[in-house]
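Visitor: I am attaching a structure below and will ask some questions about it afterwards.
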Amino acid sequence: MASNLFKRYIWLADTIHRYGPITLAEIRARWRRSTLYDGRPLARRTFCTHRQAVEELFDITIVCDERTNRYAIADSGELTSRSITNWLLDTFAVGQSLHEARALHNRVLVEEVPSARGHLSELLDAMRENRQVVVTYQPFTGDEAFDLRLRPLFVKLRDRRWYLYADKPGDAKIKLYALDRMVNIRATDDRFTSPEGFDPAGYLAGAFGVAVYDHIRPCTIRVRVTGDGVKYLRTLPLHASQQETETHDGYAIFEYRVAPTPEFYQAMLNCHCNFEVLSPLHVREEMRRIVDGLCALYRRPVHD
């Protein structure tokens, strides 16, 4: 019952966000077409209760224009900047669309996120209550799993894998742990306090990917992009800091304020020959070294 109520709250927020300003009659009509519809109409009292719950749970205020009796999301532009709320609404909307189009199940292919089925819910519960956790961790290197006592600070989804950022009691250095390498998680009764003023988004602002390297500092990297790569970057930026600083016939210059980590160079390689690092010189030289190494590898004869 609680799970169904939660879905109804998300449905209401998503419906008003997508179709608002919208009247209560229009909301009721969409409710009758929803997969959550249980045969009972959406009474005004129920609507008001759900509206209040949406505000308390998601910090989304539903306002009514008394002149038109239409409902809308207050500060809907600000909503797009709240990544977790927006992600939750987007995920629900896609899920509802797929559920309503069950006949297309073999024509809609999605990527699985295996780590989300593991220990994410336990970690989120521990984070909400600021509880330390004991994790049995099996890294890719090494044969034996080992136990870690951690203070879970925040989590991030990247490339179909969830990651935990945590430090240890008595050691404030934040480290990265993949959820799919966790064999077991146990929340303890020991509480912790997050570092004062700590901002997860700010911590990762200069990172490319998920890892933060103490010895690799962010710098301004200029990249020349040609052909269809320009359109690709305009629609799907590689990093939040991306800026198109020059536009020419056939190519454009993009700038990034990121740390040139191994993940950054891998991203450049994934973009093939449309991308050329221009500056700074040490980043361009490292990119050249990687490319030369690949060329040397493929010049070797293949032996069975």
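Visitor: Considering segment 140-168 alone, what residues qualify as being in a loop (DSSP other than H, G, I, E, B) and either under 19 Å from Phe208 (Cα atoms) or at pLDDT 90 or above (or both)?
Guide: Within segment 140-168, Asp159, Arg160 meet the criteria.
Visitor: Restricting attention to helices (runs of 4 or more DSSP H) lying wholly within segment 183-300, give those where 1 or more residues are closer than 27 Å to Leu123 by Cβ and within 23 Å of the chain's Cα centre (by Cα).
Guide: 200-203, 262-270
Visitor: Out of Asp199, Asp167, which single residue is surrounded by 15 or more Cβ atoms within 10 Å (Cβ to Cβ), of a type in the set (Asp, Glu) and farther than 26 Å from Glu286 by Cα?
Guide: Asp167
Visitor: Any residue at all in segment 219-230 that is surrounded by 11 or more Cβ atoms within 10 Å (Cβ to Cβ) and at pLDDT below 90?
Guide: Yes, because at least one residue in segment 219-230 is surrounded by 11 or more Cβ atoms within 10 Å (Cβ to Cβ) and at pLDDT below 90.
Visitor: Take the conditions within 30 Å of Ile174 (Cα to Cα) and either surrounded by fewer than 12 Cβ atoms within 10 Å (Cβ to Cβ) or of a type in the set (D, E, K, R) (or both) and apply them to Glu255. Does it pass?
Guide: Yes, satisfied.
Matching residues to (1) over 22 Å from Asp159 (Cα atoms); (2) surrounded by 13 or more Cβ atoms within 10 Å (Cβ to Cβ):
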{"residue": "Ala240", "(1), (2)": "no, no"}
{"residue": "Phe264", "(1), (2)": "no, yes"}
{"residue": "Phe275", "(1), (2)": "no, yes"}
{"residue": "Gly293", "(1), (2)": "yes, no"}
{"residue": "Arg299", "(1), (2)": "yes, no"}
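Visitor: Would you pick out the residues in segment 20-58 that are part of a helix (DSSP H, G or I), over 32 Å from the mean Cα position of the chain (by Cα) and of a type in the set (Gly, Ala, Ser)?
Guide: Ala25, Ala29
Visitor: I'd like to know if segment 161-173 contains one or more residues that are more than 25 Å from Ile216 (Cα to Cα), out of contact with any Lys or Arg (no Cβ under 7 Å at 6 or more places or on another chain), touching a residue at least 12 places away in the same chain (Cβ under 8 Å) and among the charged types (D, E, K, R).
Guide: Among the residues of segment 161-173, not one is more than 25 Å from Ile216 (Cα to Cα), out of contact with any Lys or Arg (no Cβ under 7 Å at 6 or more places or on another chain), touching a residue at least 12 places away in the same chain (Cβ under 8 Å) and among the charged types (D, E, K, R), which makes the answer no.
The values are calculated or read from the model by the stated rules, or taken from the named source; none is laboratory data. Quick caveat: nothing in here was measured; it's all calculated off a predicted structure. We place every Cβ from the backbone using ideal geometry, glycine too, and count neighbours over all the protein chains shown.
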